[in-house]
Amino acid sequence: MSSSVALSSPSTPFLKPRNFINGRGTRIINPVTRSLSFNPIRFSSQKSNDLVSSSSNGVSSFCGPRSSSSSWSSIPSHVSSDRENYKKDFRIKATPVPESAGAGETAQEKSSGLMQTLQLGSLFGLWYLFNIYFNIYNKQTLKVFPYPVTITTFQFLVGTVFVLLMWTSNLYKRPKITTSQLVAILPLAVVHTMGNLFTNMSLGKVAVSFTHTIKAMEPFFSVVLSSMFLGEVPTLWVISSLIPIVGGVGLASMTEASFNWAGFWSAMASNVTFQSRNVLSKKFMVKKESSLDNITLFSIITIMSLFFLAPVALVMEGVKFTPAHLTSVGLNVKEVFTRALFAGLCFHAYQQVSYMILQRVSPVTHSVGNCVKRVVVIVTSVLFFRTPVSPINSLGTGIALAGVFLYSRVKGIKPKPKTT
């Protein structure tokens, strides 16, 4: 039990020394006052250290003169008794404090920490779930409607509608964008558009599991581009982690049943463009756009991507995503539209949740979560689509993902400064 110590005493004993009456009725002088009273004759005949002695409780007390033999002079019994009575006037009281005084705050902190953990865990679960459904619905749509530019444009359209609803309903504050900010965001929007387009082109050509195995090489391109444009020198640990990534992707590619070069190079191009976006963000956006948070930045990029890609889709693929065209090629219009709509919603939702997680955790933790997400997507797509996977292919994929996990752990290690 915790306690607070309070000094209990009569009115003002320290301000005015008191005299005492002993048991025989004789008035005596306070022994403490008497020992402290100044006598020039006695003071001159004693050494300065003869007045002080240390009591057993660590508090110095003045006891009067000592004899020349350094032995303490005796004090009359009635004086000693009166001094004990004087001491009894001062006593220390321990005021008990209830144990629950600080327990409420501790319990509240524990409850708050538990809620934050549950929220973060829920966000990670939604991140993985949206990503799984996006890859499944997107692959199903691209198998029957092989127009990746149109599908990507439709996904940006769904995201744009979602952003506008979010701003108009005040679910998220609508930003005030300046012209200089739009100019700075422009290159990011271009590479973001190209990255998602190349990903859909790869998903339309090869299995989902193979596309994500190739995309496991993102750390390799991140290191190369950062060295070329930012002057960042990778540590030996980072370089070592890239070896299993490259080797694992190569091993998986050699034994992939759905392998074709169009799908392979599209996934590689997606890696390059997405990592270019990260490099551009570091190079141009750190100082200029510090006022924009990640979610707002992603929302603006989504709208800009729609305006970039819509004219390209019209020129390259024409107007194909219509009920008339889908019916003419023998497709179920409702089924295709429903899958494309769910893919678009999940596409925007998983990226939105990804940025929400990034605002709550460190980049290293987010990178580890992204590695786990890729494993979950590969496994679920193999099970859902019943993709044939050989043991060597599984081994290559596993090695590559292990390298990605290792990279996410060691990229934060700083080299020790050289001592001279």
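The values are calculated or read from the model by the stated rules, or taken from the named source; none is laboratory data. Keep in mind the model is a prediction, meaning the values are calculated, not measured. Areas reflect the complete protein model, heavy atoms only, side chains present, ligands, DNA and RNA absent. Shrake-Rupley method; radii C 1.70, N 1.55, O 1.52, S 1.80 Å.
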Exercise. Assign one of three labels to region 273-400, namely rounded, prolate or oblate, based on the Cα gyration tensor with a ≥ b ≥ c the square roots of its eigenvalues; rounded applies when a/c is under 1.5, prolate when it is not and a/b is larger than b/c, and oblate otherwise.
Key: oblate
Self-check item: Per-residue HN-Hα couplings for region 301-317 [Karplus 6.51, -1.76, 1.60; θ = phi - 60°; Hz; x = Gly/Pro]
Solution: 4, 4, 5, 5, 5, 4, 5, 6, 8, 4, x, 5, 5, 5, 6, 7, 10
Quiz item: Rounded to a whole number, what % of the accessible area of region 151-286 do carbon and sulfur atoms account for, probe 1.4 Å?
Solution: 73
Exercise. Would you mind checking Lys205/Lys373; Lys215/Lys373; Lys110/Lys373 for any pair whose Cα atoms are more than 19 angstrom apart?
Key: Lys205/Lys373; Lys110/Lys373
Quiz item: Can you put Phe198, Phe162, Phe156, Phe229 in order of accessible area, largest first, using a 1.4 Å probe?
Solution: Phe229, Phe162, Phe198, Phe156
Practice problem: State in Å² the accessible area per residue of region 99-252; use a 1.4 Å probe, count heavy atoms of protein chains only, and round to the nearest integer. | Solution: 50
